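Some notes on the structure that comes next.
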Amino acid sequence: MTEATSSASGATAVDRVAALVRAEILSGVLAPDTPLREEAASERYAVSRHTVRAAFQRLVAERLAVAEAYRGVRVASFDRAHVIALQQLRAALEVEAVRIAADRFGDAWPEAVLAPANDALDRLAELAAAARETETEPAADADDVDWLEVERIHADFHRAIVAASASPRIIEAHDAIGSELLLFLLHVRPHYTLESLIAEHRALLDELPERGPDALREHLEHSTRLLVGE
């Protein structure tokens, strides 16, 4: 095996392990503060500990995990301070992105600008329809929904709103917190049905052209209150 091939193979293995552990964190299989053990993961995924260590470092960089001296790596907690700090950062980026978009478009945002966010809502509606087709009783909705996919589409919705600003630096900074946004919905999930999540985001999108930053700020403040209990 050439050095280039070995390097590519190693990168692929790191990607795979990181993706598998990330999915377990974002689906709630790995609870907050759960230790992530290199040796156990090495055996489970049939890779070297070096590969596992690199995968864990990637999750730490995404703030899905925390590395502490003498304690190793563990799944990040999502306590009150974490929620507030993330929402403050989101507001700084998302609200400013909407302000910039409002300056460009006024109260008549082009359909093409809104299309990616509308597409995300349509995909959520498709998931809800699929869940209704498979549920056996009215209360089965939460069990039948692919919530990890909901988390990804929810992040796509907010990413689309930020993209309306056409501000490269804001878009780049917002992309950097993408994994934390997925983690956010995992924790806010008990407060929503999929239908109520869709309805809230459709209302937000309808209000953006007229109310701009105020609409988004209120949206973020509402979700923060749900998690911190205020």
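Any read-out appearing in this document is the output of simple, stated calculations on the displayed coordinates, not a laboratory observation. Given the structure is predicted, the values throughout are model-derived calculations rather than measurements. Backbone-built Cβ (ideal geometry, glycine too); neighbour counts: all protein chains shown.
Things to note:
- Modelled FRET efficiency - R0 22 Å, R63 with E39, Cβ distances, 0.05 increments: 0.35
- Prolate/oblate/rounded call for the range 58-131, Cα gyration tensor, a/c under 1.5 rounded: oblate
- Couplings 3J(HN,Hα) for the range 212-228, derived from phi with the Karplus relation 6.51 cos²θ - 1.76 cosθ + 1.60 (θ = phi - 60°), are x, x, 4, 5, 6, 4, 5, 4, 5, 5, 5, 5, 5, 4, 4, 8, 9 Hz, where x marks Gly and Pro.
- Per-residue ³J(HN,Hα) for the range 91-108, Karplus 6.51 cos²θ - 1.76 cosθ + 1.60, θ = phi - 60°, Hz, x for Gly and Pro: 4, 4, 8, 6, 5, 5, 4, 5, 4, 5, 4, 5, 5, 7, 10, x, 9, 10
- Nearest 10 degrees, 0 to 90: helix 80-90 Cα axis against the chain principal axis: 60
- At R0 = 22 Å, FRET efficiency that the Cβ-Cβ distance of R132 and S27 yields, to 0.05: 0.55
- Distance between the modelled labels on E207 and Y70, one decimal in nanometres: 4.9 nm (7 Å Cα→Cβ projection).
- Fully extended contour minus Cα-Cα distance, from D119 to D79, at 0.36 nm per residue: 11.2 nm
- Alpha-carbon geometry of the chain: the Rg and the Dmax are 19.5, 60 Å, given in that order.
- Dipole size of the chain about its Cα centre, with +1 on Lys/Arg Cβ and -1 on Asp/Glu Cβ: approximately 1100 debye, rounded to the nearest 20.
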